[in-house]
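Structure first, commentary second.
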Amino acid sequence: MSESTTTTPIAPKWYDDPSHSLYLHHSDQPGMILVAQSLNQENYHIWSHAMLMALTTKNKDGFIDGTITRPPASSEAETRQWTRCNILVKGWILNTISPKIAESVMYNDTAYELWEELKERFSHTNSVHLFQIEQEIHDCI
């Protein structure tokens, strides 16, 4: 006499889906350096563009543009996963900025706050420097 057993398939968890923004691949490590050039006082625009491209390929750009926000506390599993991803994105950003800059921004709670502070501090065009460059170009002609 053979017993018949039925098994219910286990539904995949949302964070096992590679297209989900909270998915973490086994190769996603906090020590990874996503862009080759470190942020310094002069290269914010190039650095931020490269970093945005890298985070977009990892489906984590929402952590820096504010579209992926902390889930409600009632969703404990999702909140834990969001926290892991947020810390990972913060680590990736901190790994690609100069140590002096990193020291001044590392205590931001979220990757979004960190990104916004860097943008506020470094995205402004230095008009005096731009004028000097234009003068040098003009003098060469």
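Bear in mind that the values in this text are calculations on the coordinates, not laboratory data. Because the structure is predicted, anything quoted here is derived from the model rather than measured. Here the Cβ is made from the backbone with ideal geometry for all residues, glycine too, and neighbour counts use every protein chain on show.
Things worth noting here:
- For the chain, the longest principal axis of the Cα atoms and the long axis of helix 111-122 meet at an angle of about 10 degrees.
- A compact globular protein would have a Cα radius of gyration near 2.2 N^0.38 Å; the ratio found for the chain is 1.48.
- Among 50, 140, 89 the positive-end extreme of the charge dipole of the chain (Cβ point charges): 89
- Averaged over residues, the count of other Cβ atoms within 10 Å places the peptides 84-92, 115-123 in the sequence 84-92, 115-123, highest first.
- Taking the Cα centre of the stretch 34-123 as origin and assigning +1 to Lys and Arg Cβ atoms and -1 to Asp and Glu Cβ atoms, the resulting dipole is close to 240 debye.
- Nearest 10 degrees, 0 to 90: helix 127-140 Cα axis against the chain principal axis: 60 degrees
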